[in-house]
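Computed from the coordinates by the stated procedures, all read-outs in this text should not be read as laboratory data. This structure is a prediction, so every number in the text was calculated from the model and none was measured. Note that each Cβ is placed from the backbone with ideal geometry, even for glycine, and that neighbours are counted across all protein chains shown.
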Amino acid sequence: MHGGDFLLTWQHGIEDIRAVLLVAEVLEEMHRAGLGAQVFSGGLAVSNFRDKSTRTRFSFASAASLLGLTPTDLDETKSQISHGETVRETANMISFLTEVIGIRDDLYIHEGHEYMKAVADAVEEGFRAGVLAQRPAVINLQCDRDHPTQTLADLLHLKRTFGSLDALRGKRLAMTWAYSPSYGKPLSVPQGVIALMTRLGMEVVLAHPPGYDLLPEPVAQARRFAEQSGGSFTQVESMDAAFRGADIVYPKSWAPLRVMERRTELLRGGRTDALDALEQECLARNAEFRDWECDADKMRLTRDGKALYMHCLPADITGTSCEAGEVAADVFEHYRLTTYHQAGHKPFVIAALILLTRLEHCGQTLKTLIERGNHHKL
Amino acid sequence: MHGGDFLLTWQHGIEDIRAVLLVAEVLEEMHRAGLGAQVFSGGLAVSNFRDKSTRTRFSFASAASLLGLTPTDLDETKSQISHGETVRETANMISFLTEVIGIRDDLYIHEGHEYMKAVADAVEEGFRAGVLAQRPAVINLQCDRDHPTQTLADLLHLKRTFGSLDALRGKRLAMTWAYSPSYGKPLSVPQGVIALMTRLGMEVVLAHPPGYDLLPEPVAQARRFAEQSGGSFTQVESMDAAFRGADIVYPKSWAPLRVMERRTELLRGGRTDALDALEQECLARNAEFRDWECDADKMRLTRDGKALYMHCLPADITGTSCEAGEVAADVFEHYRLTTYHQAGHKPFVIAALILLTRLEHCGQTLKTLIERGNHHKL
Amino acid sequence: MHGGDFLLTWQHGIEDIRAVLLVAEVLEEMHRAGLGAQVFSGGLAVSNFRDKSTRTRFSFASAASLLGLTPTDLDETKSQISHGETVRETANMISFLTEVIGIRDDLYIHEGHEYMKAVADAVEEGFRAGVLAQRPAVINLQCDRDHPTQTLADLLHLKRTFGSLDALRGKRLAMTWAYSPSYGKPLSVPQGVIALMTRLGMEVVLAHPPGYDLLPEPVAQARRFAEQSGGSFTQVESMDAAFRGADIVYPKSWAPLRVMERRTELLRGGRTDALDALEQECLARNAEFRDWECDADKMRLTRDGKALYMHCLPADITGTSCEAGEVAADVFEHYRLTTYHQAGHKPFVIAALILLTRLEHCGQTLKTLIERGNHHKL
């Protein structure tokens, strides 16, 4: 992984995935033991959020601070990017002392990943030409295809919950659509979940109403991985069917692919009026599937009625954050702190991705840090 | 104080107040002697400004940088808080590697302090559940009730000016309303001043025009503290009466409580039109008390005509920043650099609050830092 | 330079200029060799961008991070500056733990430099009065007169390209206006270039269409410096004349001085309607000089057809970022990576300015850093 980027989990072998989890766990244990991890003495960790973010924003800043880097946000409204600057130029201009560039670009379907690739190509060119003394790693903080820092944190959560990655073999995970009174939610989490969890020999079940299909690529990856790993990947047509016998449920809303495509077109064209109409249409369509709510009845269908509930947060909670949403208030409250634990792995996953892409001998460096035993608080 | 928060000075014993001042002074002396104070090796210092700020914003960032933390601002417009995320969730999501959360929430009367308590409760819950490896301290950077980092800096200023805390015993401090051509200024500074200075045996006099009452709680605290400390707390009805014989004057505008309450209602309701009407009404009311200006004549009423003038800044200066305001230009200019000194204690007060809440043995750590003698500049 | 500011290159002797370049080169070599340069243990590096910025913003943050300072942006929209706070007060309020204040103020002609001087005077006063424990250096990140961090990076680029500063003697540099379909571009780059490059014995040629004159002061400085250094400063009336025999070309658009003056007036008056009219008029005027484009034909006029092309970026590239602009796409592409190298010196120039203004014995400190040999990556 040294010298490269981290854009899509399915571009990496399973040994990379295992390495990320291992390093993240070591960093997390070190932090809980009060050990510092200042690997860098200065240098920037640049973030570029092209969509709103709280937890990923703070996870990225936390990872940077943990490792001794200075988190710096590229706010495109305050830059000169507006007047005709190319991606490859900007990518180099922000990278003279930069170790990592984290990007969220999930609003435009078929475009987010392409943008990240363009940034990665640009810093690669700059590094090879000697413009940059170091080659910043580009890390995907959510694109139109994948959300690797989320799904790797999810996987680490499963590893900790079930004891080991091997213990996940044969476990049934229901990745299902859920009703939400909002529209335009990215597809990257369900896509990333099915394309990652199938690699661990899990039985991954995907469920969504008609029309809420995911991008073909991650679905194909999920099929391929299930075959390779001895797990399975199946699609069913109701939340009930997906939940039946599940060890883990991940009920989460997303927009229909076709809607995301029209939305991307309209956003590009600045068609605000048409966007409003699209939203109304989409909300009306969503409303047909109001019963796709994770409530106590549905939870009773899972293995012993005790499946692990997962969510990338924030969840649309019926009666709390909306009138009717993805999950019933009692179910969510039961698992609330568990979802916080799930989220808590993300800063360490991001830190692990930075170390593995930026250090030649990551393991050796961690060993040195531990041997030194410097506390992060005097 | 270790493991807790700092929300209202009157929730803390006088020994806590003395400890904060002492640690702040030590840090200030260390800084002036060129000694570094990097207690932390990474970790976030999160600020959440729900109202504009310059000096507190920079004081917080300065304190963080001084101690080795990474200042990070939670900009609610860039987060997902907008779509239905609860305070307790966000509080945990920003805290996985966070040592301190500084909050300014002074726009909504009866609400700011409640918000801070909710954040503190949330991180306490997260810490106890093992979600957070450390329990961030919540520090009040100004709420509807108190502005402790301001008033503690004010008190340190008095300590330095008069030589010691004991020397403040019997000193007369006039906390008085002053005219300003603006409206909606928080009540937290006068409330915080009367509830803190009465604890040092000072003779605190509060003056304001009819209708400009403060919240009952800090007024009651002031009365109680004056009794306990052997000082006094009195209320008079003119600036002249307050200034007479005063050793210290603190003339500062604030809004009538009733106006803040209506304003809070209207802001919550998004009633922009009614807000404009309220502003006009309030400005008209203020204008009846234009003579509440701290000018040379009023200063002559003070002890030997030489009282110490204090202001939390920025002041509305007649003829400089407005046509008629809180203080005459010549009076302000005479004390201008003094008010800068007053403000200069704030970064160190904040740093002291961080150390006292986050370290088990703050004194020992400071001793270690001093013995090491590392300079903050190579 | 210790204890002072860096506002205009022509306020400094040539030995200062040489020192900046030397320190910048040492820092750059150290960085490429993997050596850290954490001179400071905490402290703020405040930036105040009153106009958009990408590369200078990141250069400043990079320099701060490299040296161990915390970059902190003063966002005037989030501060209380709006309600009548004076420059001298704010300057002190943000400086209690601040080592450097970098300012960009290039929108208002005849005002940017004055603002920087006011900030510098204020922190000088605060330092002398003991308000500030240290005297932050004010560094010009582009004003109405000069853009020293750009032109010093440019000069370092020339030094590296031609081998030494002495090798620049007699080299012909064409600083010429170029067509752009935008208006209101600052004059500071051409002004800074002619007033700096003439000091190295270069033959500096300035060309622009009638009406696009620069401010008299830097032009006078250029004349004076050319005389002193044995170089020359001439003005010609076409891009062709300037390019003929040039070793270096710097074709870049800027607004007519008279337009900047009217624009400043209108911006101050909030006259949006009149601003639009001015823009139209200005664009129409620019369009008369569409042939001021740096294309392959013009490049053939330069020495052996191989002059070094320079630009401060972003360039208006014909057919790439606009229909017709400052430079033809093939010319720009040929020199693209070269312009990235040019830009890459800026973080180190800023770091050098910080060290030279803030350290008493900068050379000794660098020697200590190199001897210690601490790597910036564990």
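Miscellaneous remarks
- Of B:Leu27, B:Leu359, B:Leu187, the one that fluctuates the most in a GNM where chain B has Cα springs shorter than 10 Å: B:Leu359
- Mean partner shielding of peptide B:335-348, defined as the number of other chain Cβ atoms within 10 Å of each residue Cβ, is 4.
- Taking 14 Å as the straight-line reach from the Cα of B:Lys171, the aspartates and glutamates in range (excluding those fewer than 8 positions away in the same chain) are B:Glu203, B:Asp247, B:Asp304.
- Amide proton proximity set for A:Gly184, modelled H, under 5 Å, gap of 5+: A:Ala255
- Each Lys or Arg adds one and each Asp or Glu takes one away; over the other residues whose Cβ falls under 14 Å from the Cβ of A:Val331, this sums to -2.
- Here C:Thr70, C:Thr272 are placed in order of increasing Cβ neighbour count within 10 Å, fewest first, which gives C:Thr272, C:Thr70.
- Beta bridges per DSSP, both residues in the protein assembly as shown: antiparallel share near 5 percent.
- Cβ-vector label at 7 Å, C:Pro216, separations to other copies in nm: 7.1, 7.1
- Fewest-first ranking of B:Tyr335, A:Tyr115, using other Cβ atoms within 10 Å as the exposure measure: A:Tyr115, B:Tyr335
- Label-to-label distance for C:Glu265 and A:Glu281 is 5.2 nm, based on points extended 7 Å past Cα in the beta-carbon direction.
- Cα centroid separation, region A:301-378 to region B:255-334 (Å): 49
- GNM top mover of C:Leu107, C:Leu173, C:Leu283 - chain C, alpha-carbon springs below 10 Å: C:Leu283
- Among the listed pairs C:Lys185/C:Lys346; A:Lys252/A:Lys346; C:Lys159/C:Lys346; B:Lys52/B:Lys117; A:Lys185/C:Lys52, those with a Cα-Cα distance over 23 Å are A:Lys185/C:Lys52.
- Centroid-to-centroid separation of region C:31-80 and region B:129-157 [C-alpha atoms, Å]: 27
- Estimated FRET transfer efficiency (A:Ala220, C:Ala296; beta-carbon r; R0 56 Å; 0.05): 0.75
- Copies compared at C:Gly363 - label distances in nm, ascending, label defined 7 Å from Cα in the Cβ direction: 4.8, 4.8
- Bridges between two residues of chain B, per DSSP, are antiparallel at a rate of about 5%.
- Sequence of A:His376, C:His147 once ranked by neighbouring C-beta atoms within 10 Å, starting from the fewest: A:His376, C:His147
- Chain B versus the axis that turns it onto chain A: the residue with the nearest Cβ and the distance in whole Å amount to B:Thr70, 4.
- 10 Å Cβ neighbours from other chains, averaged over peptide A:48-59: 5
- Across chain B the C-alpha pair distances fall into 20 Å bins from zero in the proportions 29, 57, 14, 0 percent.
- For a paramagnetic label modelled on A:Asn374 (point 7 Å from Cα along Cα→Cβ), amide N atoms under 18 Å away belong, within region B:47-67, to B:65-67.
- Of the trypsin sites (Lys or Arg not before Pro) found in region B:217-318, those in coil by DSSP whose Cβ has at most 15 other Cβ atoms within 10 Å are B:Arg271, B:Arg290, B:Lys306.
- Inter-copy label distances for C:Asp291: 7.7, 7.7 nm (label point placed 7 Å from Cα along Cα→Cβ; shortest first).
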